[in-house]
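Engineer: This is the structure I have questions about; it appears just below.
The values are calculated or read from the model by the stated rules, or taken from the named source; none is laboratory data. This one's a predicted model, so the numbers in the text were calculated from it and none came from an experiment. When we count neighbours, we look across all protein chains shown, and the Cβ atoms used for this are built from the backbone with ideal geometry, even at glycine. These area figures cover heavy atoms from the full protein model, side chains too; ligands, DNA and RNA do not enter into them. Shrake-Rupley method; radii C 1.70, N 1.55, O 1.52, S 1.80 Å.
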Amino acid sequence: MADTAPRPRLRDSVIVQADGGTLLFLCLADRTVKRFACDEFVKDVVVLLDGTRTISEIGALACGGHPDARERVAEVVQILEREGLLSRVADPEREFRLLGTARAEFYDRQLRLFQDFCDQGWSPETSGAALQRRLGDATAVVCGVGGLGGWVALALAGAGVGRIRVCDFDRVEVSNLTRQVLFGMADLGVPKADAAAARLREVNPFIEVEAVARRIGGAGDLADVVKGADIVINAADLPTPNDVAGWVSEACWPDIPHIMGTGYAYHIGVLGTSIVPGRTACWSCVRAETFADHGRDGMETVVGKRDKAGAMGALSGLVGNILAWEAIRILAGLPPALGDRWSEVDFWPLEIRSRAVRQRPDCPTCGVPPNRRGHSGIP
């Protein structure tokens, strides 16, 4: 019969220090510190919490064992578990290897981070390997693979999103190379979608990448592009960011989560918003909240947006990687961070500024009918 006795293990993100009769637990995951009074027995128990021993075995080893050692160990374990200091799996390495040896080695550091997310209680999954499987089973679409979308696609590929579809109509130009991370000098003149797909396949041999060379002129142009997607990230801005965002949202609604990261220029990066149908405000809610800012809705444009705007690779990378992190959270079943708000990052003071955007009950897109308000199940 298999031994199913629990083998408690401290979380890898916890450092323990002792000062006389005090134990200090430094939680690197959330920068909290927990302090407990202790004796030598408790110190010995904490050192032995490595996932290889049962409670009885730990009791037999701690301070040479006491008559009531097992009960005392169980009490210590119960306290540490209640404080969130123990891992949800005794042997994460075994869980990682279930992905296959090559994948376990390739994703090693990410799996350890995912494991801590599980240990933190941010996911119903117990193992980081389960979060990696979610990514591996997912399909992501990146609309636009220039200064913003290229960083998004690169981060998703490195994270192991199983299928990535990149859509762009442009060709690589020399001025792209300082900030569009997927391209090099050898790609000049090549369609961006093709060059991006080739680069992503080099980054991660365990994923599939599809290139779609297409100019987006309406929601209909995206129907086949977003089909079967689990997440769509909008990083395109022609003819205007708002036009493309509207088309992307229309193509995705009401089934596909989508992230409206509309770009960056000069010292402002637009993180935008995450739209998870049935859970967050939709694009119509966002536009209703922001369209009339400064009374601009009734104004005539005298001098419009320039064809060329100031940009830098480090700054586009900052925005792109935040959007990729948001996409990874949604795909892995972790709580999204950008939903129900509109966010921008000001590069100069390095501050993220957000304004709340709530789902409107009377929204023609996502609003709840009057007879169902209060019973929608939307958090």
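Engineer: Where in segment 149-257 are there strands (runs of 3 or more DSSP E), lying wholly inside it, with at least 1 residues that are more than 30 Å from Cys366 (Cα to Cα), modelled with pLDDT of 95 or more and of a type in the set (Val, Ile, Thr)? Don't jump to the end; show me each part of the working.
Structural biologist: Numbers: elements: 163-168, 208-213, 231-234.
Of the strands (runs of 3 or more DSSP E) lying wholly inside segment 149-257, those with at least 1 residues that are more than 30 Å from Cys366 (Cα to Cα), modelled with pLDDT of 95 or more and of a type in the set (Val, Ile, Thr) span 208-213.
Engineer: What pairs can you find where one residue is in segment 39-66 and in contact (Cβ under 8 Å) with a residue 12 or more places away in the chain and among the polar types (S, T, N, Q), the other is outside any loop (DSSP other than H, G, I, E, B) and open to solvent by less than 70 Å² (accessible area, probe 1.4 Å), and their Cβ atoms are less than 9 Å apart, with a gap of 6+ or different chains?
Structural biologist: Listed by first residue and then by second, the contacts come to Thr52/Arg9; Ser56/Ala69; Ser56/Val73.
Engineer: Among the residues of segment 350-362, write down those that are surrounded by fewer than 16 Cβ atoms within 10 Å (Cβ to Cβ), of a type in the set (A, V, I, L, M, F, W, C) and in a loop (DSSP other than H, G, I, E, B).
Structural biologist: The answer is Leu350, and nothing else.
Engineer: Would it be correct to say that Gly100 is within 30 Å of Gly158 (Cβ to Cβ), in contact with a strand residue (DSSP E or B) (Cβ under 7 Å, 6 or more places away or on another chain) and not aromatic (Phe, Trp, Tyr)? Quick ask: steps written out before the conclusion?
Structural biologist: Values: within 30 Å of Gly158 (Cβ to Cβ): yes; in contact with a strand residue (DSSP E or B) (Cβ under 7 Å, 6 or more places away or on another chain): no; not aromatic (Phe, Trp, Tyr): yes.
No.
Engineer: Considering each of Val14, Val46 in turn, give the residue that is of a type outside the set (D, E, K, R), within 12 Å of Val73 (Cα to Cα) and in contact with a Phe, Trp or Tyr (Cβ under 9 Å, 6 or more places away or on another chain).
Structural biologist: Numbers: Val14 fails: within 12 Å of Val73 (Cα to Cα).
Within the list Val14, Val46, the selection yields Val46.
Engineer: Can you tell me which residues in segment 95-128 are open to solvent by 60 Å² or more (accessible area, probe 1.4 Å), closer than 17 Å to Gly51 by Cα and within 21 Å of the chain's Cα centre (by Cα)?
Structural biologist: Arg112, Thr126
Engineer: While we're on this one: So for segment 74-94 (the condition being assigned to a helix (DSSP H, G or I), open to solvent by less than 60 Å² (accessible area, probe 1.4 Å), out of contact with any strand residue (DSSP E or B) (no Cβ under 6 Å at 6 or more places or on another chain) and not aliphatic (A, V, I, L, M)), does at least one residue qualify? Break it down into steps so the answer makes sense when it comes.
Structural biologist: Taking segment 74-94 and keeping what is assigned to a helix (DSSP H, G or I), we get 74-82, 92-94.
The next check asks that each one be open to solvent by less than 60 Å² (accessible area, probe 1.4 Å); those that pass are 74, 76-77, 79-80, 92.
Adding the requirement that they be out of contact with any strand residue (DSSP E or B) (no Cβ under 6 Å at 6 or more places or on another chain) leaves 74, 76-77, 79, 92.
Checking which are not aliphatic (A, V, I, L, M) leaves us with 92.
Yes, that holds for at least one residue.
Engineer: With (1) part of a loop (DSSP other than H, G, I, E, B); (2) among the hydrophobic types (A, V, I, L, M, F, W, C); (3) open to solvent by 80 Å² or more (accessible area, probe 1.4 Å) as the list, and Ala5 as the residue in question, which single condition is left unmet?
Structural biologist: Ala5 satisfies all of (1) part of a loop (DSSP other than H, G, I, E, B); (2) among the hydrophobic types (A, V, I, L, M, F, W, C); (3) open to solvent by 80 Å² or more (accessible area, probe 1.4 Å) except (3).
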